Amino acid sequence: MIRASGLTKRYGEFTAVAGIDFAVARGESFGLLGPNGAGKSTTMRMISATTLRSGGDLRILDRDPDTHGPEVRAHLGVVPQEGNLDTELTCAENLYVYGRYFGLSRRFLRPKVDELLAFAQLEDKRDVKVDALSGGMKRRLTIARGLVNEPEILLLDEPTTGLDPQARHILWDRLFRLKEQGVTLVVTTHYMDEAEQLCDRLIVMDRGRIMAEGSPQTLISEYSSREVLELRYGTGRNAEVAAQLEGIGQRMEALPDRLLLYVDDGEAALEAVVGRGFHPIASLVRRSSLEDVFLRLTGRSLVDE
Amino acid sequence: MITQLVFASAVEIAERRSGRRGASVYAGRPWALIQRNLFALRTSNALVFFSGFVEPVFYLLAFGFGLGNVIGSVHEAGGPRVSYAAFIAPALLATSAMNGALADSTWNVFFKMHYAKFYNAVMSTSLGALDTALGEIGWAVIRGLAYAIGFLAVVSPLGLVHSWWALLAIPAAGIVAFGFAAAGMAITSYLTSHQQLNWVNFLLLPMFLFSGAFFPLDRYPWFAQQVIHALPLWQAIAMLRSLMFGELDIALLGHVAYFAVFIVVGVTFTTRRLNALFLR
């Protein structure tokens with residue numbers, strides 16, 4: 001459905017996307033992960049045919065988005081990060097008018113609007129202006145709006161940023177249903193749990209490049225250990241203890257507030273630590289997550305946009 | 001065939017046009033935006049829309065009938081001798097058309113562009129930049145026309161219309177509105193802050209006061225007259241005066257040509273700018 005090779009975007013001197021290759025198959029749920037400024041949103045804009053690429057090749061359903069913009073956009077549903085619902089209109093009008101932008105007829109749109117309001121669980125907000133909706137409702141309406149042209153590919157840019165847990169779960173549920181219906185999803189996110197929930201396959205981006213690619217499970221086994229042992233000795237002692245724990249586990253990371261040991265068996269590793277005489281103030285054995293992969297690949301330093 | 005048209009998918013609709021010249025900037029649907037603006041008018045903006053219309057009416061009442069009683073009749077070189085109210089009425093008609101057109105194409109466009117992110121949403125559909133430009137400008141023209149027709153409806157019973165040619169003032173006001181709307185949206189699309197927009201507004205006031213709306217231009221020195229003749233509001237006023245007084249001459253074509261240039265340049269720059277901003 002989507003094929004990118006050597007895809008590049010430069011803004012003047014700055015290279016936002018530095019020659020990436022990926023492909024997305026029909027019905028797949030594909031994730032773009034990365035810290036702020038990694039080039040995710042720029043990649044999304046190139047896929048959605050709203051930004052021209054500076055180099056490489058990109059095909060959406062075998063069409064070039066740079067030269068066949070309107071056709072490519074007719075195939076896509078776009079759910080942008082910033083809210084750009086039409087605040088001067090009601091929920092139903094938002095859906096209807098957006099369908100008109102695609103040239104869809106009134107007879108097609110009347111039942112479609114009802115169907116989409118039901119999908120977004122907003123039937124009782126039909127004639128309410130958008131301003132009166134909660135954040136979660138707005139996001140659901142935005143997704144419904146993106147579906148008005150019955151797209152084969154739905155592009156979601158950080159779909160649950162800023163939502164409370166209930167709203168996130170409702171949204172994920174809606175996205176699962178779409179996936180079951182065969183809609184191809186492309187999602188950018190920096191929430192690791194979201195990526196694990198939603199994505200069959202993902203790429204981790206940093207500074208415009210792809211750092212890793214695979215399913216959440218393969219990425220975890222490739223770039224992290226099965227389990228992680230977290231140890232706390234107090235801010236003052238962590239570094240000192242770290243030096244004494246060499247040899248336990250595959251890898252260790254010493255953070256100011258805790259030590260992370262990447263191990264296959266967390267309990268066994270904890271016993272070994274205690275066996276060397278270092279009783280931690282607090283300890284935790286957990287499964288390795290995509291977050292560990294992410295932090296390993298993109299580093300822990302704070303990224304400012 | 002009919003069901004095919006009615007239930008055509010977005011992709012089929014887009015593919016029907018692909019390959020045509022300009023398919024990447026124009027999908028043939030500026031009406032979609034006009035319909036959107038009609039909905040917004042009904043849902044949100046009805047009062048604002050109609051409030052803009054009364055301003056020129058107040059000017060007419062205050063100056064035309066208030067000050068006009070003191071002044072008596074007015075005569076501009078080459079024109080008929082008319083009451084002061086009849087003299088300023090065409091000018092206020094032109095101003096109505098201008099105000100209506102600029103209200104949407106400046107402040108509203110600026111708001112939609114920078115706060116509502118409206119064009120981001122529109123441009124991620126299969127619409128093109130020219131659809132968007134024509135739709136938004138077209139809506140501003142409708143507003144300008146509505147103000148002009150409303151103003152004429154108020155003025156006619158007052159006995160300020162002297163010729164059946166005045167009916168042509170309506171399409172003429174449409175041309176004026178189109179010119180101002182196109183130029184207004186083109187300029188607004190290049191602005192990045194409120195302050196710049198305020199400057200545009202600030203320049204409109206002297207144009208309104210000194211474009212021969214309230215007194216004949218022949219009182220000005222020759223040089224000032226030439227400058228004023230270059231201003232769009234003077235062109236509009238001169239065109240509408242000659243129609244409302246029923247004094248047609250070849251200069252009318254000149255005014256129409258003047259606005260044709262505004263329209264073409266305005267639509268072109270708006271389209272280019274929208275493309276540059278939202279389809280970089």
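For the reader, a short list of remarks on this structure follows.
- Positive-end residue of B:Met239, B:Pro157, B:Asn275, charge dipole of chain B with Cβ unit charges: B:Asn275
- With viscosity 1.306 mPa s and temperature 10 °C, the Kirkwood radius over alpha carbon pairs of segment B:172-280 converts through Stokes-Einstein to a diffusion coefficient of 104 µm²/s.
- Each of the peptides B:223-233, A:33-43 was scored by the mean count of other Cβ atoms within 10 Å over its residues; in descending order, highest first, they stand as A:33-43, B:223-233.
- With a Förster radius of 56 Å applied to the beta-carbon distance between B:Ala257 and A:Ala118, the computed FRET efficiency rounds to 0.55.
- For the protein assembly as shown, with all protein chains in place and a probe radius of 1.4 Å, 58% of the accessible heavy-atom surface sits on carbon or sulfur.
- Kirkwood-based shape ratio for chain B, expressed as Rg/Rh from alpha carbons: 1.03
- Positive contributions from Lys and Arg (+1) and negative ones from Asp and Glu (-1), summed over other residues with Cβ under 12 Å from the Cβ of B:Arg143, come out at -2.
- Placing +1 on the Cβ of every Lys and Arg and -1 on the Cβ of every Asp and Glu, with no other charges, gives the protein assembly as shown a dipole of roughly 1400 debye about its Cα centre.
- Net +/- balance of residues flanking A:Tyr96 in space, Cβ distance below 9 Å, scoring K and R +1, D and E -1: +3
- Using a simple spin-label model with pseudo-atoms 7 Å out from Cα toward Cβ, A:Asp64 and B:Leu61 lie 6.3 nm apart.
- Hull shadow area, averaged, segment B:108-261 [alpha-carbon convex hull, nm²]: 10.8
- Per-residue [θ]222 nm for the protein assembly as shown (sum of -39500 (n - 2.57) over DSSP H runs n ≥ 4, rounded to 500): -15500 deg cm²/dmol
- Within the shell defined by Cβ-Cβ distances under 15 Å, the residues around A:Lys112 carry a net charge of +1, with Lys and Arg each +1 and Asp and Glu each -1.
- Among the DSSP helices (H) of chain A, those spanning at least 15 angstrom by Cα along their long axis with an average Kyte-Doolittle hydropathy of -0.5 or more are A:91-101, A:106-119; this is a geometric and hydropathy rule only.
- All Cα pairs of segment A:225-288, percent lying beyond 20 Å: 12
- Members of segment B:30-46 that become less accessible by 30 Å² or more once partner protein chains are added (1.4 angstrom probe, chain alone as reference): B:Ala32, B:Gln35, B:Arg36, B:Phe39, B:Thr43, B:Ser44
- Selection among B:Ile142, B:Tyr119, B:Pro171 by position relative to the dipole of segment B:31-278 gives B:Tyr119 as farthest towards the positive end (Cβ unit charges, Cα centre).
- Taking a point 7 Å from the Cα of A:Arg226 along the Cα-to-Cβ direction, the residues of segment A:243-268 with backbone N closer than 12 Å to it are A:263-268.
- Across segment A:106-245, the mean sequence separation of Cα contacts (distance under 8 Å, 6 or more residues apart), normalised by length, yields a relative contact order of 15 percent.
- Sites B:Phe50 and A:Phe14 - FRET efficiency at Förster radius 41 Å, r taken between beta-carbons, to 0.05: 0.30
- Spacing of the modelled spin labels on B:Ile71 and B:Leu209, each 7 Å from Cα toward Cβ, amounts to 1.5 nm.
- Chain pair A, B: total accessible area buried, heavy atoms, 1.4 Å probe, Å²: 3300
- Counting only other chain Cβ atoms within 10 Å of each residue's Cβ, the peptide A:146-153 averages 2.
- All Cα-Cα separations within chain A were binned at 10 Å from zero, giving a P(r) of 6, 24, 28, 21, 13, 7, 2, 0, each value a whole percent of the pairs.
- Nearest-0.05 FRET efficiency for A:Ser105 and B:Gln226, computed from C-beta distance (R0 51 Å): 0.40
- In terms of overall dimensions, the protein assembly as shown has a Cα radius of gyration and Dmax of 31.3, 111 angstrom.
- Hydrodynamic radius by Kirkwood, which averages 1/r over all alpha carbon pairs of segment B:37-78, in angstrom: 12.9
- Per residue, the average separation of C-alpha pairs within less than 8 Å and at least 6 apart gives segment B:31-278 a relative contact order of 27 percent.
- DSSP-defined beta bridges in the protein assembly as shown - what % are antiparallel, rounded to 5: 70
- For chain A, the relative contact order works out to 20 percent when only alpha carbon pairs closer than 8 Å and six or more residues apart are counted.
- Dipole magnitude (debye, nearest 20) for chain A, charges at Cβ of Lys, Arg, Asp, Glu: 720
- Å² per residue, accessible surface of the protein assembly as shown at 1.4 Å: 44
- DSSP-loop trypsin sites (Lys or Arg not before Pro) across segment A:215-305, with at most 14 other Cβ within 10 angstrom: A:Arg226, A:Arg237, A:Arg276, A:Arg300
- Taking all protein chains together, A:Val263, B:Val48 sort by accessible area into B:Val48, A:Val263, largest first [probe 1.4 Å].
- With the simple spin-label model, which puts each label point 7 Å out from Cα in the Cβ direction, the B:Tyr115 to A:Leu284 separation comes to 4.3 nm.
The values are calculated or read from the model by the stated rules, or taken from the named source; none is laboratory data. As the structure is a computational prediction, the values presented were derived from the model and not from experiment. Note: ideal-geometry Cβ built from the backbone for every residue, glycine included; neighbour counts use all protein chains shown. Ligands, DNA and RNA are stripped out before the accessible areas are found, and what is left, the full protein with its side chains, is counted by its heavy atoms. Shrake-Rupley method; radii C 1.70, N 1.55, O 1.52, S 1.80 Å.
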